[in-house]
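This report concerns only the one structure given below.
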Amino acid sequence: MALPPGKIPVEILKEVVFKNLGAKRDEVALGPAGGIDGAVINVGSKSLIVSMDPITGALERIGWLAVNVNANDVSTFGVEPAFFLSCILLPEKAGRRTVEIISSQMDKAAKGLGMAIVGGHCESTPGLTNPIVVGCAMGMAEKGDYVTAAGAKAGDKIMVTKTAGIEGTAILAADREEKLRKTVRSSTVKSAKEFFSMISVAKEAAIAFKTGGVHAMHDPTEGGIAGGIHEVADASNLGFKIFENRIPVAKETLEICEAFEIDPAYLIASGSMLIAARKDAADDIRNNLTKSGISASVIGEFLPSPENRIVKQKNGFETKLPRPACDHLWVALAKQ
């Protein structure tokens, strides 16, 4: 059976990928696991946080996104991203100008985050129709001074920064602008394209971590807010209850999702941060984020039993929150 677009299902990761991990090394403090944003390698008195992600579904700002999306994963550990490597795969007919555009985008994004680009690879690849950029970001912390998506605890409040579907909104506004302008106001499309500026979560991750009371953070990418919550629950062996009417959705996202008949909660959501926080710390975290101009909402809490994964719908009914089969960005892009 063919795989769905986007991330490989977690069952295949567990049954195949995670069983083929090469040699065991004592330095590896945290290796591959479902829902975890990166690896941790202990080097002397330091912990090196390493993460890797591709950018495959965006034609505009691909280099800029590659840096920021990978930096976000390091930031979820409460660690400042410091280094970046890239593998740039180009269509056969791509020219020098394409290389210049992608490289300059990466340069601008890395400088904005204080990251050094330290290496990588670039090639023209037979069979490609669009560029692909695979990025790898790294950051350093004092040994053990970090959190992971596996650290959530029963009773923790589930917080989300900004709004749902930020990256997906920007991608659809940029890559499907002509189609959207037939049903969505031009001002909405123009505003949605600016959502790219909100992709980084480095600032909110640092604020939340320094405030204290954070047990876990996660960058909800493919599968959106809904998929991200499932991933934290998987990693932490917990259940959850969330409230649909508390999930913040920007009007631009809502209109674009209605145009493509997709759900904002399942739309790729780089730019938002999921935070599992102690009950007595959630207000302080939200207040400190608000002071820095970053909105944050409490949308539910984690439950002890992994079997209980509940969403209270806007109509008041409670049901299990479906796990995304694929990100709704792919659903939208498939529509002509």
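The values are calculated or read from the model by the stated rules, or taken from the named source; none is laboratory data. No experiment lies behind these values; they were computed from the predicted model shown. Backbone-built Cβ (ideal geometry, glycine too); neighbour counts: all protein chains shown.
Just checking: which of the strands (runs of 3 or more DSSP E) contained wholly in the stretch 127-238 hold 3 or more residues that are out of contact with any Gly (no Cβ under 6 Å at 6 or more places or on another chain)?
Working: elements: 132-142, 157-161, 214-218.
By residue number, 132-142, 157-161.
Out of the residues in the stretch 42-74 that are β-branched (Val, Ile, Thr) and surrounded by fewer than 17 Cβ atoms within 10 Å (Cβ to Cβ), state the one that is nearest to ALA150 (Cα to Cα). Only one residue fits best here, namely VAL43.
Yes/no matrix, rows are residues, columns are (1) among the basic types (Lys, Arg); (2) not assigned by TED's automatic domain parsing to the domain that holds ASP73:
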{"residue": "LYS93", "(1), (2)": "yes, no"}
{"residue": "GLN105", "(1), (2)": "no, no"}
{"residue": "LYS111", "(1), (2)": "yes, no"}
{"residue": "ALA116", "(1), (2)": "no, no"}
{"residue": "GLY119", "(1), (2)": "no, no"}
{"residue": "THR125", "(1), (2)": "no, no"}
{"residue": "VAL133", "(1), (2)": "no, no"}
{"residue": "ALA137", "(1), (2)": "no, no"}
{"residue": "GLY155", "(1), (2)": "no, yes"}
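Look through PRO4, PRO32, PRO81 and report the one residue that is within 25 Å of GLY168 (Cα to Cα) and surrounded by fewer than 16 Cβ atoms within 10 Å (Cβ to Cβ). Talk me through it step by step, then tell me what you get.
Details: PRO32 fails: within 25 Å of GLY168 (Cα to Cα); PRO81 fails: surrounded by fewer than 16 Cβ atoms within 10 Å (Cβ to Cβ).
None of the other options fit; the residue is PRO4.
Restricted to the stretch 251-336, the set of strands (runs of 3 or more DSSP E) holding at least 2 residues that are of a type outside the set (A, V, I, L, M) comprises 296-303, 309-312, 318-320. Quick check on the stretch 104-121. Is at least one of its residues hydroxyl-bearing (Ser, Thr, Tyr), assigned to a helix (DSSP H, G or I) and surrounded by fewer than 17 Cβ atoms within 10 Å (Cβ to Cβ)? Yes; the residues of the stretch 104-121 include at least one that is hydroxyl-bearing (Ser, Thr, Tyr), assigned to a helix (DSSP H, G or I) and surrounded by fewer than 17 Cβ atoms within 10 Å (Cβ to Cβ). Looking across THR221, THR183, THR169, THR188, one residue alone is assigned by TED's automatic domain parsing to the domain that holds ILE275, under 12 Å from the mean Cα position of the chain (by Cα) and not small (Gly, Ala, Ser). It is THR221. When you check LEU13 against the structure, is it among the aliphatic types (A, V, I, L, M), farther than 23 Å from ASP145 by Cβ, outside the structural domain of GLY135 (by TED's automatic domain parsing) and under 20 Å from the mean Cα position of the chain (by Cα), yes or no? Considered against the rule, which asks whether it is among the aliphatic types (A, V, I, L, M), farther than 23 Å from ASP145 by Cβ, outside the structural domain of GLY135 (by TED's automatic domain parsing) and under 20 Å from the mean Cα position of the chain (by Cα), LEU13 comes out as yes.
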